[in-house]
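One structure is given here, and the rest of the page talks about it.
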Amino acid sequence: MLTGHRICPVSTFSDYIASLKANNSFRQFTPVMFDDDTHITVDGRKCINFASNNYLSLAHHPKLIEAAMSALTCNGTGGTSSRFVGGNTLIYDMLEERIARFKRFEKALVFPSGYTANLGAISALCGAKDCVYIDKLDHASIIDGITLARTKFHSFPHRNYARLREILARTRSGCERAIIAVESVFSMDGDISDLAELRRIADVYDCLLLVDEAHATGVFGARGAGVIEESGVSADIEIGTLSKGIPSAGGYIAASEEIIDVVRNRARSLMYTTALPPSSVAVAHEAIAVIESMTEERAAFRARCRAFAERLTSAGYGLFGTQSQIIPVRTGDNDRTLAVAGALRNEGIFAVGIRHPTVPKGEGRIRISINRGHTDEDIEALYNALTRCRSL
Ligand code: PMP
């Protein structure tokens, strides 16, 4: 994924801000209120929310709210210190054991976010003599982990595994440890890594395979454990978040006991930051049980996402090859992307316009995130609004 700081270097802060504004790349927060799992009030207007990563619509689930309330009452509001300094509450161990069981890895280690999990895992496992091989569209947290690790890296064109093989054949002997790091479901394109092929490549070239399941957890796999479960392929390291399908906060790494021991002892993004509030840990723990039990709902949800993507494709929209609940609709340059996002908002549809530099120039898109709680009427309203905005 491209990041904001790659924008042209400028001499003063005011020049920088002016250049962002001139390119329609200036970012500001949108004030909103979450009304329920699928509705949001934006600038006083009630909209259907197609911007949320609350994929399973569980953020208002009574059992999860009860888990949070009870942890708040018993354990207080804050994490209060680093897990190494102030002690480690039992609920953390319970969550790590639960994640390991859910994801079928030996051990798991919880971080304050998915971002810090990628940062911590990559910087703990790699150094100057090692190398990380990344898909060009990998998330910023994987790239920032590489920067923090001061390790070598090579990026291969998106899902182009023939090129990955070529790059490895040329470079693998020049480094000690090697990691191939990919997202399973790509956050901006909604397409999926071929994990079986990546496993074969990792085995041939003696690499560890790291898979970021941030957008797959809860949605893919019969138990909702992700694309690793659905594909039946084994990864060496899984990174995930507790803030999307699992609607809490935090992140994790799941791996062998040995890898987890190394990361626990080396990851600065774990050591030098405060633990999550106990209520977030409790919600994540409870959510896994709810998610595992949703096999039928998950299948129905996936079928609806597929049907909607097929309908848009038949109508001629460009969808970047989506294979998931993330359905990006091509809008082109930044101006048009902003215009379409604004027009959709006026139609009562909240969906973010993703612009350069987050995505390559000219590949702006409306990132539609279908959630399980969206009704047929919600999706029909979205389709009709997209049709009306098409000529912009
Ligand atoms: N990995 C991927 C693929 C992501 O999309 C994100 C966040 N959008 C993260 C990691 C970071 O997760 P978190 O939001 O929990 O920091």
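Please calculate the 1.4 Å probe accessible area of L276, with all protein chains present, and give it to the nearest 10 Å².
10
My understanding is that a pair violates if its Cα-Cα distance is over 31 Å; which of K107/K152; K46/K136; K63/K136 do that in this structure?
Over 31 Å apart, Cα to Cα: K46/K136; K63/K136.
Quick one, what does Rg over Rh come out to for segment 124-218 if you take C-alpha atoms and the Kirkwood Rh?
Dividing the radius of gyration by the Kirkwood radius yields 0.94.
Under the rule of at least 5 residues apart or a separate chain, name every residue whose amide H is placed under 5 Å from the amide H of T331.
Here the answer is G364, R365, I366, since their amide H atoms fall under 5 Å of that of T331.
Scan the chain and report its longest stretch carrying no trypsin sites (Lys or Arg not before Pro) that are both in a DSSP loop and have at most 15 other Cβ atoms within 10 Å.
Longest gap between qualifying sites, sites excluded: 178-360.
Could you grab the relative contact order for segment 105-176? Cα pairs under 8 Å, six or more apart, rounded to a whole percent.
For segment 105-176, the relative contact order is 31 percent.
Over segment 1-108, what is the relative contact order in whole percent, taking alpha-carbon pairs under 8 Å and six or more residues apart? Before the final figure, lay out the partial values.
Working: 47 pairs, mean separation 10.5, N = 108.
Answer for segment 1-108 is 10 percent.
Over the chain, give the accessible area per residue in Å² for a 1.4 Å probe, as an integer. If you can, show how the numbers build up before the last one.
Details: 17160 Å² over 392 residues.
Using a 1.4 Å probe on heavy atoms only, each residue of the chain averages 44 Å².
Just to be sure I understand: if I project the alpha-carbon convex hull of segment 166-245 onto a plane and average over all orientations, what area do I get in nm²?
Details: hull surface 22.4 nm².
It is 5.6 nm².
What number in nm² do you get for the chain if you take the convex hull of its Cα atoms and divide its surface by four?
That works out to 19.8 nm², a quarter of the Cα hull's surface.
Over the chain, what is the relative contact order in whole percent, taking alpha-carbon pairs under 8 Å and six or more residues apart?
Numbers: 774 pairs, mean separation 89.9, N = 392.
Here the relative contact order equals 23 percent.
How would S173, S19 rank on accessible area, largest to smallest, probe 1.4 Å? Intermediate values should be presented prior to the final figure.
Working: S173 115, S19 20 Å².
Of S173, S19, the descending order of accessible area is S173, S19.
Taking R0 as 56 Å, what's the FRET efficiency between S19 and E97 from their Cβ-Cβ distance, rounded to 0.05?
It comes to 0.65.
How large, in percent, is the carbon and sulfur part of the accessible surface of segment 274-392 at a probe radius of 1.4 Å?
51
What nm value, rounded to one decimal, do you get for the distance between E176 and A289 when each label is placed 7 Å out toward the C-beta?
4.4
Count the DSSP beta bridges whose two residues both fall in segment 21-175, then state the antiparallel fraction as a percent rounded to the nearest 5.
On the way: 7 of 12 bridges.
Given both bridge residues lie in segment 21-175, the antiparallel proportion sits at roughly 60 percent.
At 0.36 nm per residue, and after removing the present C-alpha to C-alpha distance, how many nm does the segment from R104 to Y383 gain when stretched out fully?
Length gained between R104 and Y383: 96.6 nm.
For E97, what accessible surface area do you get with a 1.4 Å probe? Give it in Å², rounded to 10.
Spelled out: E97, probe radius 1.4 Å, area about 90 Å².
Can you compute the helix-only [θ] at 222 nm over the chain? Use -39500 (n - 2.57) per DSSP H run of at least 4 residues, normalise by all residues, nearest 500 deg cm²/dmol.
The per-residue figure over the chain is -12500 deg cm²/dmol.
When only alpha-carbon atoms count, how far does segment 300-392 stretch along each of its three principal axes, as whole angstroms with the largest first?
That gives 35, 26, 22 Å along the principal axes, largest extent first.
Given a 1.4 Å probe and the protein chains all in place, what does the accessible area of L392 round to, in Å² to the nearest 10?
100
With a point put 7 Å past each Cα toward its Cβ, work out how far R306 is from N346 in nm, to one decimal.
3.8
The values are calculated or read from the model by the stated rules, or taken from the named source; none is laboratory data. This structure is a prediction, so every number in the text was calculated from the model and none was measured. So basically every Cβ, Gly included, is an ideal-geometry build from the backbone, and we count neighbours across all protein chains shown. Heavy atoms of the whole protein, side chains included, go into the accessibility calculation; ligands, DNA and RNA do not. Shrake-Rupley method; radii C 1.70, N 1.55, O 1.52, S 1.80 Å.
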